[in-house]
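A.B. asks: Questions regarding the structure given below will be posed in turn.
The values are calculated or read from the model by the stated rules, or taken from the named source; none is laboratory data. Because the structure is predicted, anything quoted here is derived from the model rather than measured. For neighbour counting, all protein chains shown are included, and Cβ atoms are generated from backbone atoms with ideal geometry for every residue, glycine included. We work out accessible area using only protein heavy atoms, side chains counted, and drop any ligands, DNA or RNA first. Shrake-Rupley method; radii C 1.70, N 1.55, O 1.52, S 1.80 Å.
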Amino acid sequence: MPAADPLPDVLVAVPAVILACQTGAWLMRRLGQPPVVGEIATGIVLGPSLLGWIWPAGLHWLFPDTVLPYIGLLGNLGLLAFMFLVGLELDLGTLRGHSRTAITVSQASIALPLVLGSLLGLGMYGSFAPHGVGRADFVLFIAVSMSITAFPVLARILTDRGLYRTPLGALAMACAATDDVTAWCLLAVVVALSTSGSPYEAVTAALLTAGFLALMVGLGRPLLARWASRAGRVPDGIGMVVLFSGLCLSALITDRIGVHALFGAFVFGVITPRGSRTVERCAEQLRAVTLPVLLPLFFVVTGLRTDVSALAGDPVQWLWGLAVLAVAVIGKWGGSAGAARATGRPWREALAIGALMNCRGLTELVVLNVGLELGVIGQDLFTVLVLMALLTTVVTSVALSRLVGPAPATEEPQVHEVQAA
């Protein structure tokens, strides 16, 4: 008997997820929160944490087993496109005039969470590490997960509040840009160590990654710049084919190297030249599909992996959850604010920078899903870390309202940053 066609179920699940996430994003925007907070929360609500708890049959009807692989595949394509857009929007030129403070703050906001996260990971290893996972892999992943800043969410928050082109906004963007590059390189190291079976394989992956980066910067960037300078004479469809094919091939290379496909898409975005009308138009078209259509599928996949109800009966896990939240806030907010203050910034501005650097959003979810797929963390710790990402993102807007005033009541901003993510 032939297997049932999954297409009808997919055609039900996909629009349901998109509409639900858009509704959640709209509600959070009305409450002064970044839309991603609503999208993350919607993903959790549609999973076993709420829908599966109050109506298991409804969860199974909406997301039958035959549908999940297709939703996951579409969500992963959305993630690859998203990482390309993040790399494309990452403008290291923001460091001009802020290089000393930005480097100091960004490195402090990486170093302190790494140290505190390593200590936390050592304490959690016996209780949370899946069977067979090495202590070093687990501890290093927890350390990196504590060090993430959501560059796209930060840009959206600054824009919504009219702070994007202020000295505070420029400095925060410079710090986040440096932080983002460092964090993704650290994640690449973690993935390489976790997937390699021996030190030789880990060293080989590191050398191949260095060669890939050198090739992309030395050859790929000039070729793309030459193409972009002549792209005005070709249809936008051809431009989209070039960019999307390039990000997919870059992702394939890093996936084969062993440092995850997302890293390749990010690097391709970084080396893609800015300022070309063709590139800007193609990026806008890609953004218009990725953010409202494909990324919600990633949120629901994350929600299906998150089961808050499983933690309800274990107060010890909630205590560990509080410890995770404390380490995340102290390490990121405290490290960033302390470093900003040490460079001569006023306390209020330093605390505002710390609050912005403490925002984790979608970027943290990407890292956590990588860890879960690698088997470095289990579902219980995954749930704890997802809740941490949600709470630290919510706190960012609340803290900024206290430190720099409420967001102005304006129309929906028209910006080029990776919005709503």
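A.B. asks: Based on the alpha-carbon gyration tensor of region 1-159, what equivalent-ellipsoid semi-axes (square roots of 5 times the eigenvalues) come out, in whole Å, largest first?
C.D. replies: 35, 24, 16
A.B. asks: Right, another one. Percent relative contact order of the chain, based on C-alpha pairs within less than 8 angstrom and at least six residues apart?
C.D. replies: In percent, rounded to a whole number, it is 30.
A.B. asks: Follow-up. Taking the chain as a Gaussian network, Cα atoms linked when under 10 Å apart, which of Gln285, Gln379, Gln107 shows the biggest mean-square fluctuation?
C.D. replies: For the chain, modelled as a Gaussian network with Cα springs under 10 Å, the answer is Gln285.
A.B. asks: When ligands, DNA and RNA are left out and all protein chains stay put, how many square angstrom of accessible area per residue does the chain have with a 1.4 Å probe?
C.D. replies: Averaged over the residues of the chain, the accessible area is 43 Å².
A.B. asks: While we're looking at this one, here's another question. With an 8 Å cut-off on Cα pairs and a minimum separation of 6 or more residues, tell me the relative contact order of region 37-147 in percent.
C.D. replies: 18
A.B. asks: Region 270-421: Rg/Rh from Cα coordinates, Kirkwood Rh?
C.D. replies: Across region 270-421, the Cα-based Rg/Rh ratio is 1.02.
A.B. asks: Additional query: Let me cross-check Met240: its accessible surface, 1.4 Å probe, with only protein heavy atoms counted, in Å² to the nearest 10?
C.D. replies: Its heavy atoms expose roughly 40 Å² to the probe.
A.B. asks: Compare Ala102, Ala202, Ala174 in a GNM of the chain, Cα atoms joined below 10 Å, and give the one with the largest fluctuation.
C.D. replies: Maximum among the listed residues: Ala202.
A.B. asks: Counting only Cα atoms, I'd like the Rg/Rh figure for region 194-258, Kirkwood definition for Rh.
C.D. replies: Across region 194-258, the Cα-based Rg/Rh ratio is 1.14.
A.B. asks: Also, I was wondering about something else. Most fluctuating residue of Met146, Met388, Met28 in a GNM of the chain with Cα springs under 10 Å: which is it?
C.D. replies: Met28
A.B. asks: Then there is this: Bin width 5 Å, origin at 0, all Cα-Cα pairs of region 226-306: what percent of pairs per bin?
C.D. replies: For region 226-306, the binned pair fractions read 3, 14, 18, 21, 20, 13, 6, 3, 1, 0 percent.
A.B. asks: With point charges of +1 on the Cβ of Lys and Arg and -1 on the Cβ of Asp and Glu, referenced to the Cα centre of region 227-303, which listed residue (Phe244, Ser276, Gly303) lies farthest in the positive direction of the dipole?
C.D. replies: Of the options given, the answer is Ser276.
A.B. asks: How big is the chain along each principal axis, measuring the range of its Cα positions in Å and listing the largest first?
C.D. replies: On the principal axes, the chain reaches 57, 55, 53 Å in Cα extent.
A.B. asks: Given the rule -39500 (n - 2.57) for each run of at least 4 DSSP H residues, summed and divided by the residues of the chain, what is its mean residue ellipticity at 222 nm, to the nearest 500 deg cm²/dmol?
C.D. replies: Calculated mean residue ellipticity at 222 nm is -24000 deg cm²/dmol.
A.B. asks: Mind listing P(r) for region 161-318? All alpha-carbon pairs, 5 Å bins, whole percents.
C.D. replies: Histogram of Cα-Cα distances, whole percents per bin: 1, 8, 12, 14, 16, 16, 14, 10, 5, 2, 1, 1, 0.
A.B. asks: Skipping prolines and chain starts, which residues have an amide H placed within reach, meaning under 5 Å, of the one on Asp307, given they are 5 or more residues away or on another chain?
C.D. replies: Correct list: Thr383.
A.B. asks: Over the Cα atoms of region 93-170, each weighted equally, I'd like the Debye log10 I(q)/I(0) at q = 0.17, 0.19, 0.21, 0.26 Å⁻¹, rounded to two decimals.
C.D. replies: Scattering profile of region 93-170, log10 relative to I(0): -0.76, -0.83, -0.91, -1.14.
A.B. asks: Only helices at least 20 Å long along their own axis, judged from Cα atoms, and with Kyte-Doolittle mean hydropathy of 1.6 or greater: name those in the chain from DSSP H.
C.D. replies: Span-like helices, by this rule, are 68-89, 315-329, 379-404.
A.B. asks: Could you work out the local net charge near Val191, counting Lys and Arg as +1, Asp and Glu as -1, over the other residues with Cβ closer than 11 Å to its Cβ?
C.D. replies: My count for the surroundings of Val191 gives -3.
A.B. asks: What FRET efficiency do you get for Arg226 and Arg277 if R0 is 22 Å and r is their Cβ-Cβ distance, rounded to the nearest 0.05?
C.D. replies: Computed FRET efficiency for Arg226 and Arg277 comes out at 0.90.
A.B. asks: Now a separate question. Give me the percent of the accessible area of region 41-166 that comes from carbon and sulfur atoms, probe 1.4 Å, all protein chains in place.
C.D. replies: 67
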